[in-house]
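The values are calculated or read from the model by the stated rules, or taken from the named source; none is laboratory data. Computed from a prediction, not measured in an experiment: that's the story for all the values here. Cβ coordinates were reconstructed from backbone atoms using ideal geometry, including for glycine residues, and neighbour counts include every protein chain displayed. What goes into the accessible areas is simple: the full protein's heavy atoms, side chains included, and nothing from ligands, DNA or RNA. Shrake-Rupley method; radii C 1.70, N 1.55, O 1.52, S 1.80 Å.
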Amino acid sequence: MTAIADAFLNIRADHLASDALFSQFIVPPFFKRKSIFADRRSVRILGGRGCGKTMFLRYFNHGSSLNPIREEIPESELESIGLYLRPDTGFCGLMTAPWLGEQRAKLAFSHYVALNLLVDACRAVSSINQANFALGRLNLGDPGLSAALAHQLRLKEPKVSALEAELEMRLVELEDWVRNPKANAEPTLVSFASVLPRLAGDLAKAHPRMARVGFRAFIDEFENLPGAHREVICDAIKHPSLQMAVHIAYKKHAVIDLKTSSDERIVEFHDLTTIDLEAELATGGEFELLAAELFLLRAHQADTPYNCPVFKPEKLHDARHLEYRLSKQYREQVLRCVREILPSPSATDISKGVVADAPLRKRLTDMIQKGLALQGLEGEVQAADLIDDKYPQASIVLGAVLNRRSQAKSDIVGAYRKAIDAGPSDTDPFFKVGGWIDNNLYGSLFYLYAGLPRRPNVMYAGFDRFCMLADPNLRFFQALCHAALLLAFERTNGKDMQGQLRVDVDVQAKAARQVSDKIYQDILQLGSHGVDLLEVAGRLGRLFQAFNRRRSQSEPEVNHFSIDHAERHQLSPQAERILREAKIWSVLYEETDTKNKSDYDIAQTDLILNPIYAPHFSISYRKRRKVTLSASHTDVLLSKSAQHYEAVLKELVNFGDQDPGQAEDRPGLFGQGRL
């Protein structure tokens, strides 16, 4: 049974062999509404770290599109055979103007790209020979090459097999020269933008069914290339060939200028189209469906039983089955199955648990008692008498409302007693939609649990909450599942009394905290500004934590911020740099106004601390309320000293209604200097 936890360990696409990826890829629902590579324009694929860019690109590589286990492959796949390259950034970093000269550096990089894509193109010929096309097998054998291509590549024989045999030596030759250009002869350099179309032209003559053959080259981690190398790729995008299109993938916000070698730039609409994976997955609950299917696929691969007859793993990997997977019945049954394995306690159930649990009930009693003192009712009413086991939600929210100075002289206790005597009502201030319970329950529950940090916070437990913590990052979702299943097997072997796979909510909550703590610490390793990003995440987390620790919960569930519109241009260059890095590495998510015109114009922008950090700080993962900051406050949060930050924190948050010790016990920062 422990194998199911191990099934969630392989979370990176680059750990999968090319021919194995097809059976791991789940076609996302947005394929149904979006024409993927429908025209000859180039495509850029955007997304944060872990959202699936590499898996997405490699699915369109010939290893998947022409995979032997795929049935009835359409002939149209031959018109755009996928080739994949993730450049070796360390080696490419040697191809610089100071080392090789400006022009030679660019030519060397283009040669490097050409050799690697040619290697994959030779493998693509093997994939074609093994593919199950709808019109029958297509055996190309060992296709011949033109005299021109054989001469250009210095081949002894004009055959694909001869090309494949020579490419490794050409790569070694290039590496020797780049690393020591003075001691080794310069190789004959070729351009990938010309040699790949020429190869496609030769393959088109190999068989009548190959007449319209073409390549599409996918360049991954485009943002890691030096500017001069990006220009070489952009040249090919700007001037495409009929037999080769170039597509790129990079982290959102990481590249702001798609310049060619000339003064021209890549222009959206004219030269390329964009697929934002995070934006696509955020549509209509599509992340939840993908996550549920991923969970069941991993269970299937681990030979772990589950009760979901409609789920058929073989239908996950081909877009032709999307109509089946997007049916209402399929979606409901798949989600229901995973929700039974990873149950999510409702707010009502959590509230009942609070009043039934002695330490949490005591914390609620203390909260109400302090509120009674604030309202001048300390001697008239006993806090313990105001906790109603039948209506725990109202009792919990009462604790917050009583602690609000704005409610002075109002009969809160009377309104509460009237509410629980009459029961839920659409007009009662406690129970009505938009009333006190609706607006304050979650924040109050987070407040109560935050005071008992060693207790698993079940507010983070359940499939739906795992999705909210991870969305749109399937890597994070897999990490949460792995941790939960591993803990469950250690304690209960993953089964309940009836033998059905099920993970206890306390175990899930503990797993969420473990994963959140680990991913938070991993910020330190993100790029070259990890130290800055970790400190910024810590400052924002503690700011939202401070809002959550107030008994009044007058602004519950604050977990994101915006920057004052009138001061949007006043951010310092250092703050802008750190803000951009935080967005690149998904420490912060940004939801922008479509009117924004420039990279620094963040008017009407919501900046959201990644929800995966919520359990680490014991704050809400729901996007409910924000704090609007001035440019000067934002500058302090992002780039000023710890002393400046502490002063701003006290200015933004009233610590008067926090529990004794909480204001003083706020975690300090890592250092006292500037970022």
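Overview of results
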quantity	calculated
The one condition in (1) touching a residue at least 60 places away in the same chain (Cβ under 8 Å); (2) in a loop (DSSP other than H, G, I, E, B) that R339 fails to fulfil	(2)
Subset tally (residues that are open to solvent by 60 Å² or more (accessible area, probe 1.4 Å) and within 38 Å of the chain's Cα centre (by Cα)) for region 353-371	2
Residue check for I36: open to solvent by 40 Å² or more (accessible area, probe 1.4 Å) and either assigned to a loop (DSSP other than H, G, I, E, B) or modelled with pLDDT under 95 (or both)	no
Unique match (being open to solvent by 50 Å² or more (accessible area, probe 1.4 Å) and at pLDDT 95 or above) among Q514, Q498, Q508	Q514
Among the candidates V172, V178, residue that is in contact with a helix residue (DSSP H, G or I) (Cβ under 7 Å, 6 or more places away or on another chain) and either modelled with pLDDT of 95 or more or in a loop (DSSP other than H, G, I, E, B) (or both)	V178
Within region 43-149, helices (runs of 4 or more DSSP H) holding 3 or more residues that are over 19 Å from V213 (Cβ atoms)	53-59, 89-92, 97-100, 102-130
Residues of region 542-563 classified as under 22 Å from the mean Cα position of the chain (by Cα) and open to solvent by 20 Å² or more (accessible area, probe 1.4 Å), total	0
Search result, residues across region 405-420 that are open to solvent by less than 40 Å² (accessible area, probe 1.4 Å) and either on the phi > 0 side of the Ramachandran plot or among the hydroxyl-bearing types (S, T, Y) (or both)	Y416
Residue match in region 530-541 (condition: of a type in the set (V, I, T), open to solvent by 20 Å² or more (accessible area, probe 1.4 Å) and modelled with pLDDT under 90)	no
Failed condition for L189, given (1) more than 21 Å from Y84 (Cα to Cα); (2) over 37 Å from the mean Cα position of the chain (by Cα); (3) open to solvent by less than 50 Å² (accessible area, probe 1.4 Å)	(1)
Residue within region 88-105 that is open to solvent by less than 30 Å² (accessible area, probe 1.4 Å), out of contact with any Lys or Arg (no Cβ under 8 Å at 6 or more places or on another chain) and among the charged types (D, E, K, R) present	no
Any chance E288 is in contact with a Leu (Cβ under 8 Å, 6 or more places away or on another chain), in contact (Cβ under 8 Å) with a residue 24 or more places away in the chain and of a type in the set (D, E, K, R)	yes
Residue within region 175-184 that is assigned by TED's automatic domain parsing to the domain that holds K205, surrounded by 14 or more Cβ atoms within 10 Å (Cβ to Cβ) and over 40 Å from the mean Cα position of the chain (by Cα) present	yes
Residues satisfying the stated conditions in region 280-310, i.e. assigned to a loop (DSSP other than H, G, I, E, B) and of a type in the set (D, E, K, R)	D303
Of residues in region 220-244 being in contact with a strand residue (DSSP E or B) (Cβ under 8 Å, 6 or more places away or on another chain) and small (G, A, S), the one farthest from V43 (Cα to Cα)	G227
Hits in region 318-352 - residues which are among the charged types (D, E, K, R) and open to solvent by 70 Å² or more (accessible area, probe 1.4 Å)	R320, E323, K328, R331, E332, R336, R339, E340, D349, K352
Selection from region 557-579 of residues that are closer than 22 Å to Y621 by Cα and out of contact with any strand residue (DSSP E or B) (no Cβ under 7 Å at 6 or more places or on another chain)	L579
Residues (open to solvent by 30 Å² or more (accessible area, probe 1.4 Å) and of a type in the set (A, V, I, L, M, F, W, C)) located in region 372-394	A373, L374, L377, A384
Test: residue in region 206-213 that is crowded, with 22+ Cβ neighbours inside 10 Å and either touching a helix residue (DSSP H, G or I) at 6+ places or on another chain (Cβ under 6 Å) or modelled with pLDDT of 95 or more (or both)	yes
Identity of the residue in region 286-312, under 18 Å from E332 (Cβ atoms) and surrounded by fewer than 16 Cβ atoms within 10 Å (Cβ to Cβ), that ends up modelled with the lowest pLDDT	N307
Among residues of region 454-487, those that are open to solvent by less than 10 Å² (accessible area, probe 1.4 Å) and β-branched (V, I, T), counted	0
Residues of region 311-329 classified as under 24 Å from P74 (Cβ atoms) and in a helix (DSSP H, G or I), total	10
Selection from region 634-656 of residues that are farther than 15 Å from A537 by Cα and either part of a loop (DSSP other than H, G, I, E, B) or not acidic (D, E) (or both)	Q643, H644, A647, V648, K650, L652, V653, N654, F655, G656
Residue count, region 407-441 (criterion: in contact with a helix residue (DSSP H, G or I) (Cβ under 7 Å, 6 or more places away or on another chain) and farther than 19 Å from A373 by Cβ)	10
Test: residue in region 244-266 that is more than 27 Å from L94 (Cα to Cα), open to solvent by 50 Å² or more (accessible area, probe 1.4 Å) and either without any contact (Cβ under 8 Å) to a residue 60 or more places away in the chain or assigned to a helix (DSSP H, G or I) (or both)	no
Region 525-552 residues that are at positive phi, paired with ones that are outside any helix (DSSP H, G or I) and of a type in the set (A, V, I, L, M, F, W, C) (beta carbon under 7 Å, 6 or more apart)	G527/W585
Filtered residue count, region 217-243, keeping only those that are in a strand (DSSP E or B) and at pLDDT 95 or above	3
Sole exception among (1) outside any helix (DSSP H, G or I); (2) modelled with pLDDT under 95; (3) of a type outside the set (K, R) for I619, by number	(2)
Residue in region 426-438 that is in contact with a Leu (Cβ under 9 Å, 6 or more places away or on another chain), open to solvent by less than 20 Å² (accessible area, probe 1.4 Å) and within 21 Å of S406 (Cα to Cα) present	yes
Condition check for K315: within 26 Å of R216 (Cβ to Cβ), surrounded by 12 or more Cβ atoms within 10 Å (Cβ to Cβ) and touching a Phe, Trp or Tyr at 6+ places or on another chain (Cβ under 9 Å)	yes
